[in-house]
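Have a look at the structure below, then the notes.
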Amino acid sequence: VTGNQVIQGDLTVQGTTTTIDTTNLDVKDKNITLNYGTGDTSANANGAGITIQDAVSATEDATILWDTTSDDFNFSHAVFVSGSISTNASLSGQSINLSSSGYGTIEVGGVTGAFIDLKRPNSDDYDLRLITDGTGGVIDTGSGELTLKRQGSTKLATTSTGIDVT
């Protein structure tokens, strides 16, 4: 068949491989279901996802795959977000790298305060905990010196000659 064709009604293709050789694929539906028709159990969904062939090199694909053992998506490569990330749950991982060429921020907590734990490897014990409860505490290292402030007033500051305590 050559030229444009219009199929009115549903199209069902039965087979193990369907290849669409096109430059653009436009889908009007808002939701694409992967793993459809496999009994709809989470064990069957393991490894379901998206593969971008040869995204990194001629021999390396990029993938976003579902892992049923941990109930999360695994990205084969780093994820770059140009906007903000918001969550109502925990944000965890190996590391969070904010902007290597400028400033970045991490905001934690809400009206009742928050804390950030820096934990030792392979442990739930923390080595440093930064806690806030809305009293206006600031730790500032922007000038190359350490300054601790409370409600805008410097309480402890390092200087080139020592430490100033207020």
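Quick notes on this one:
- Residues located in the stretch 44-71, provided they are of a type outside the set (Ser, Thr, Tyr), open to solvent by less than 60 Å² (accessible area, probe 1.4 Å) and farther than 22 Å from Thr19 by Cα: Asp67
- Within the stretch 1-27, tally of residues that are of a type in the set (D, E, K, R) and modelled with pLDDT of 90 or more: 2
- Matching entry among Thr23, Thr17, Thr33, Thr2 (being open to solvent by less than 100 Å² (accessible area, probe 1.4 Å) and of a type in the set (S, T, N, Q)): Thr33
The values are calculated or read from the model by the stated rules, or taken from the named source; none is laboratory data. All values derive from a computational prediction rather than experimental measurement. Just the protein is used for accessible areas: all its heavy atoms, side chains included, with ligands, DNA and RNA removed. Shrake-Rupley method; radii C 1.70, N 1.55, O 1.52, S 1.80 Å.
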